[in-house]
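The values are calculated or read from the model by the stated rules, or taken from the named source; none is laboratory data. From a predicted model like this one, the values you see are computed outputs, not experimental measurements. With ideal geometry, Cβ positions are generated from the backbone for all residues, glycine too; neighbour counts draw on all protein chains shown.
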Amino acid sequence: MKKELAKNYDFKSVEDRLYTNWLEKKYFHAEADETKKPFTIVIPPPNVTGQLHMGHALDNTMQDILIRAKKMQGYNALWVPGCDHASISTELKIVEALAEEGKTKEDLGREGYLERAWQWKETYGGRILNQLQKIGCACDWDRERFTMDEGLSDAVLEVFVRMYDEGKIYRGEKLINWCPNCQTSISDAEVDHEEKEGSLWHLCYVIDGTQEKLCFATTRPETMLGDTALAVNPKDERYAAFVGKTVTVPVVNRKIPVIADDYVDMEFGTGIVKITPGHDPNDYEVGLRHNLPVINIMNDDGTMNENAGKYNGFTSKDCRAAIVREFDSLGLFVKKEELKHSVGVHERCGEVIEPLIRKQWFVKMAELAKPAIDVYLNKELNIVPPRFGKIYLNWLNNIKDWCISRQLWWGHRIPAYFCEKCGKITVSKTAPEKCVHCGSENLKQDEDVLDTWFSSALWPFSTLGWPKETPEMKYFYPTDVLVTGYDIIFFWVIRMVFSGLHHTGQKPFKDVLFHGIIRDAQGRKMSKSLGNGIDPLEVIEKYGADALRISLIMGTSPGNDSRFKWEKMDASRNFLNKIWNSARFILMFDSENIKGDEANLTSADKWILSKVNNLALEVTENLNNYELGLAVTKIYNFLWDEFCDWYIEMVKPRLYNEDDDTKAAAIATLKTVLTNSMKLLHPFMPFITEEVYTSVLSGESIMISQWPFYNEALKSEKEETEIELVKSAVKNIRNIRAEKNVAPSKKIEAVIVSEDAQIRDTFTRSENFFKTLANAFNLTVPEKFDICGDEYVSFVIDGAVVYLPLAGLVDIEKELQRAEKEKEKLLQEIKRAEGKLKNEGFLAKAPQKLIDEETEKLEKYKAMLEKTDEQLNALRR
RNA sequence: GGGCGCAUAGCUCAGCUGGGAGAGCGCCUGCCUUACAAGCAGGAUGUCGGAGGUUCGAGUCCUUCUGCGCCCACCA
């Protein structure tokens with residue numbers, strides 16, 4: 001009884017079933033095991049309440065490919081999954097949900113709010129991890145982690161306390177980026193710069209004791225309320241006389257000095273700058289140099305505060321308009337110009353960032369950055385593609401202290417306790433009973449939480465149990481490769497590197513593999529606002545995970561963006577179907593009592609075995625170099641072109657002939673080649689390869705099967721040449737058939753003439769190929785063949801001339817043209833080869849292998865030319 | 001201002017350390033051939049953005065220009 005399979009591959013009946021089986025068999029689980037070599041990846045943790053998007057699909061497909069390949073290659077492969085609490089994003093969502101109920105987080109209080117947040121996390125959290133399972137990810141789900149779970153929180157506290165004790169974490173009052181919408185400070189990395197249309201107002205202050213005005217240009221008139229100086233360039237002769245004098249800021253009637261500072265660009269505006277140290281980073285620096293007072297004029301929500309005098313409570317927008325009107329009425333308004341300038345916005349919510357002074361916690365970066373720079377310069381950290389190394393270095397070389405405190409509730413609360421008595425700080429992992437400075441028991445914990453990235457920075461080792469000395473830490477750390485998008489180099493990658501180096505003394509990973517962004521069909525970024533996003537789950541629903549995976553990987557190169565196109569999905573589906581049908585075909589002949597010896601291999605068998613062996617070599621190498629797109633393209637071409645279009649067609653006559661004594665060998669070869677190519681393909685398309693492996697090839701699971709490494713013994717150079725020769729003859733015959741409009745169903749004869757006994761032998765043995773592949777029968781292979789003229793169409797191949805008796809279809813003129821064209825081509829080839837071989841530079845410097853190849857080719861073409869000439873002569877007779 | 005990427009067939013893109021230009025889709029022709037019409041066979045299409053240079057040899061390396069895109073910094 002032969003097994004029957006559906007004609008078309010039905011991924012829907014396969015994917016979930018296989019994934020469940022893998023889970024049940026615990027194939028994804030890894031334990032520390034000193035007898036095997038570890039291979040470790042930690043997942044870039046998605047936001048706990050996030051939804052899967054194309055970026056995740058690509059990122060995790062790449063990791064899954066590496067994990068599955070390494071596992072088959074004998075490594076003890078561990079992929080640690082988990083989620084990030086995503087402090088700001090999650091808090092935004094919860095606050096939004098509360099708002100719909102007409103509540104604020106203050107209404108609930110800190111405790112009530114956190115309860116609500118955890119509920120939210122329980123409801124929506126993990127959803128994204130289930131979505132990863134749909135893609136086929138071989139994560140060790142037993143080791144799932146969350147940045148706010150007990151172990152990881154402990155790591156966060158440990159790091160904070162250590163770094164505080166080392167003086168690497170400090171609290172300071174500095175100008176920070178403030179998001180009035182989220183009402184929290186954010187780090188420099190979280191500020192996006194957008195080009196916006198704005199205005200440049202020219203306004204003036206009056207010099208004290210005179211009627212003279214000094215006019216300046218500003219894009220933010222309302223900040224004049226916080227001005228504490230006017231500045232000019234020290235080299236600017238126009239204003240040299242005014243330096244040292246004072247002017248009065250109207251509205252608030254404050255006398256401020258005119259100072260000289262290099263910061264001022266003489267060419268821009270009027271050459272005079274108002275200095276607002278409390279609300280501008282550059283002005284802040286100027287203020288430090290000149291000991292200027294700092295005035296904060298803004299509330300947390302971005303409205304004006306009491307320092308704004310009568311504008312107290314105004315929004316900045318209203319305040320700006322009012323100020324401009326007031327200057328106008330005072331005769332201090334000159335003009336308003338249009339100006340394009342960039343505005344800092346919060347990358348999470350899009351709100352315009354207000355720089356302002358706040359007391360915050362910072363990580364001192366200079367010393368931490370150094371080892372991270374060295375580890376890259378010493379080539380101990382390998383960045384792929386290498387160009388991203390420059391971005392990495394550039395950021396580290398210009399690094400500023402990292403603002404890590406956030407005025408939020410969802411996150412790791414800062415373990416710092418203020419003494420109400422002496423005002424000093426006690427930092428401790430657990431709530432201290434007394435102030436370490438004065439012994440008072442009146443302590444209050446800092447209200448702020450830590451930047452999400454503070455905990456993500458520890459992810460590669462906190463997930464393995466650090467700070468405890470766990471077996472996992474010892475065995476799986478440092479991890480092998482980090483796979484992520486280039487858009488989070490600053491947020492995450494760099495912070496993991498310096499954190500890993502500082503806390504564990506080792507780099508957190510050996511390699512970093514960056515990928516690009518998946519754009520829409522027009523090349524635009526997928527975004528919620530454009531509504532052009534494509535849901536990977538929808539794609540999986542329609543085409544299956546394998547098809548999605550291959551579409552994301554094939555034809556792409558590391559670090560480059562790519563476009564999602566549905567047509568590409570069709571192509572991938574077709575490939576799946578092709579594989580499925582080749583397997584189905586093999587199954588048709590796979591029965592228990594087949595005649596013949598499996599070892600009775602023909603040239604074709606040896607040829608395809610040699611080919612797949614070579615494929616294993618290349619794919620293994622490509623994988624090691626992270627050339628995933630190249631690797632899978634090679635497998636695709638091998639399976640479709642070589643295996644299906646040539647080999648399977650070649651073995652058909654043997655399979656359909658019950659008496660053929662090489663039938664068993666053919667089936668064995670088919671199965672070997674299918675097995676090996678499925679194994680090579682498995683990391684890329686885990687489901688169909690497993691389905692073929694288990695249902696057609698009767699294996700237990702391809703996941704735990706052995707990788708087909710290159711085996712020198714399987715190399716068959718002679719057979720490769722032989723089959724290639726046959727292929728070229730067949731192709732030529734097909735070509736002529738098409739040209740002469742000989743119906744595919746019409747049988748023709750063929751005569752192959754060669755003086756070379758070995759070649760004659762090859763073709764004699766290949767008679768069946770000509771029947772099945774070219775519908776050419778009665779093949780004769782003489783040493784000499786003189787009949788020519790209008791009875792035959794002929795062509796020359798390497799070492800032989802092929803004659804096709806096509807009486808009635810032969811047009812001598814056209815045959816002459818064909819032969820002339822062929823001759824022309826050969827002459828060109830000969831010229832090219834001779835050119836190289838007569839070039840002394842080439843002979844002296846080119847590798848010997850290349851010279852030999854060219855020499856061989858030259859001889860071959862010369863022989864073919866000779867035959868072509870004979871052909872021409874015969875035609876002209 | 002500094003840096004990076006892209007420019008290759010009509011479209012989307014590969015091309016791994018320099019050694020005879022490729023794929024998918026689309027297009028044309030012929031085939032429902034007993035694995036697959038989601039298929040088979042055959043075919044057409046490229047000044048590899050322009051200009052220099054290095055080299056025996058350049059799509060690949062260097063310089064420069066043009067166009068598009070991105071990142072960082074600055075922007076009174």
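Key figures
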| item | result |
| --- | --- |
| Test result for A:Val384, surrounded by fewer than 22 Cβ atoms within 10 Å (Cβ to Cβ) and farther than 30 Å from A:Pro558 by Cα | no |
| Qualifying residue in the stretch A:594-609 (condition: over 19 Å from the mean Cα position of the chain (by Cα) and near RNA strand B (Cβ under 10 Å from one of its atoms)) | no |
| Contacts under 6 angstrom Cβ, first residue in the stretch A:395-418 being assigned to a strand (DSSP E or B), partner among the basic types (Lys, Arg) and more than 16 Å from RNA strand B (Cβ to nearest atom), 6 or more apart | A:Phe418/A:Lys444 |
| Selected residue (criterion: farthest from the chain's Cα centre (by Cα)) from residues of the stretch A:227-241 that are modelled with pLDDT of 95 or more and not in a strand (DSSP E or B) | A:Thr228 |
| Members of the stretch A:176-199 found to be within 30 Å of A:Lys335 (Cβ to Cβ) and either within 14 Å of RNA strand B (Cβ to nearest atom) or within 25 Å of the chain's Cα centre (by Cα) (or both), listed by number | A:His193, A:Glu194, A:Glu195, A:Lys196, A:Glu197, A:Gly198, A:Ser199 |
| Residue in the stretch A:204-212 that is within 16 Å of RNA strand B (Cβ to nearest atom), at pLDDT 95 or above, assigned to a strand (DSSP E or B) and crowded, with 19+ Cβ neighbours inside 10 Å present | yes |
| Options A:Glu767, A:Glu720, A:Glu783, A:Glu749: the member that is in contact (Cβ under 8 Å) with a residue 60 or more places away in the chain and either in contact with a Lys or Arg (Cβ under 9 Å, 6 or more places away or on another chain) or away from RNA strand B (no atom under 16 Å from the Cβ) (or both) | A:Glu720 |
| Cross-chain or 6+ apart pairs with Cβ under 8 Å, the stretch A:589-608 first and assigned to a helix (DSSP H, G or I), then acidic (Asp, Glu) and crowded, with 18+ Cβ neighbours inside 10 Å | A:Ser603/A:Glu719; A:Ser603/A:Glu722; A:Ala604/A:Glu719; A:Lys606/A:Glu719; A:Trp607/A:Glu719; A:Trp607/A:Glu722; A:Ile608/A:Glu642 |
| Of all residues making up the stretch A:132-174, the number that are aliphatic (A, V, I, L, M), surrounded by fewer than 21 Cβ atoms within 10 Å (Cβ to Cβ) and part of a strand (DSSP E or B) | 0 |
| Test: residue in the stretch A:627-648 that is out of contact with any Phe, Trp or Tyr (no Cβ under 6 Å at 6 or more places or on another chain), modelled with pLDDT of 95 or more and not in a helix (DSSP H, G or I) | yes |
| Pairs, first within 15 Å of A:Gly331 (Cα to Cα) in the stretch A:208-224, second in a loop (DSSP other than H, G, I, E, B) and within 16 Å of RNA strand B (Cβ to nearest atom), C-beta under 8 Å, six or more apart | A:Lys213/A:Leu332; A:Leu214/A:Tyr239; A:Cys215/A:Thr270; A:Phe216/A:Gly269; A:Phe216/A:Thr270 |
| Single residue of the stretch A:670-686 satisfying the filter (polar (S, T, N, Q) and surrounded by fewer than 24 Cβ atoms within 10 Å (Cβ to Cβ)) that is farthest from the chain's Cα centre (by Cα) | A:Thr672 |
| Test: residue in the stretch A:562-575 that is within 27 Å of A:Arg127 (Cβ to Cβ), within 8 Å of RNA strand B (Cβ to nearest atom) and not basic (Lys, Arg) | yes |
| Residue satisfying all of: in the stretch A:825-877; among the small types (Gly, Ala, Ser) and surrounded by 11 or more Cβ atoms within 10 Å (Cβ to Cβ); nearest to RNA strand B (Cβ to nearest atom) among these | A:Ala846 |
| Residue selected from the stretch A:90-131 under the condition of a type in the set (Lys, Arg) and buried (at least 17 other Cβ atoms within 10 Å of the Cβ), by the criterion nearest to A:Val80 (Cα to Cα) | A:Lys121 |
| Given (1) part of a helix (DSSP H, G or I); (2) more than 11 Å from RNA strand B (Cβ to nearest atom); (3) in contact (Cβ under 8 Å) with a residue 60 or more places away in the chain; (4) within 19 Å of the chain's Cα centre (by Cα), index of the condition A:His502 fails | (4) |
| Residue list for the stretch A:213-226, restricted to those being within 14 Å of RNA strand B (Cβ to nearest atom) and in a strand (DSSP E or B) | A:Leu214, A:Cys215, A:Phe216, A:Ala217, A:Thr218 |
| Index of the failed condition, A:Arg737 passing every other in (1) in contact with a Leu (Cβ under 9 Å, 6 or more places away or on another chain); (2) surrounded by fewer than 18 Cβ atoms within 10 Å (Cβ to Cβ); (3) of a type in the set (Lys, Arg) | (2) |
| Unique residue being surrounded by fewer than 17 Cβ atoms within 10 Å (Cβ to Cβ), in contact (Cβ under 8 Å) with a residue 24 or more places away in the chain, among the polar types (S, T, N, Q) and more than 30 Å from A:Glu367 (Cα to Cα) when the list is A:Asn532, A:Asn574, A:Asn560 | A:Asn560 |
| One residue from A:Leu356, A:Leu408 being touching a strand residue (DSSP E or B) at 6+ places or on another chain (Cβ under 7 Å), more than 27 Å from A:Lys121 (Cβ to Cβ) and buried (at least 19 other Cβ atoms within 10 Å of the Cβ) | A:Leu356 |
| Filter result for A:Trp646 (within 16 Å of RNA strand B (Cβ to nearest atom), surrounded by fewer than 22 Cβ atoms within 10 Å (Cβ to Cβ) and either of a type in the set (Gly, Ala, Ser) or under 30 Å from A:Thr61 (Cα atoms) (or both)) | no |
| Candidate set: the stretch A:610-626, residues that are out of contact with any Phe, Trp or Tyr (no Cβ under 9 Å at 6 or more places or on another chain) and among the polar types (S, T, N, Q); chosen: the one farthest from RNA strand B (Cβ to nearest atom) | A:Ser610 |
| Flag if A:Glu592 is closer than 21 Å to A:Ile667 by Cα and either touching a Cys at 6+ places or on another chain (Cβ under 7 Å) or surrounded by 20 or more Cβ atoms within 10 Å (Cβ to Cβ) (or both) | no |
| Subset tally (residues that are assigned to a helix (DSSP H, G or I), surrounded by fewer than 16 Cβ atoms within 10 Å (Cβ to Cβ) and more than 16 Å from RNA strand B (Cβ to nearest atom)) for the stretch A:467-499 | 2 |
| Of all residues in the stretch A:744-757 being of a type in the set (Gly, Ala, Ser) and outside any helix (DSSP H, G or I), the one that is farthest from A:Tyr861 (Cα to Cα) | A:Ser745 |
| Where a residue in the stretch A:804-815 is touching a residue at least 60 places away in the same chain (Cβ under 8 Å) and more than 14 Å from A:Arg877 (Cα to Cα) and its partner, wherever it lies, is among the polar types (S, T, N, Q) and buried (at least 16 other Cβ atoms within 10 Å of the Cβ), with Cβ under 9 Å and at least six apart | A:Leu804/A:Ser794 |
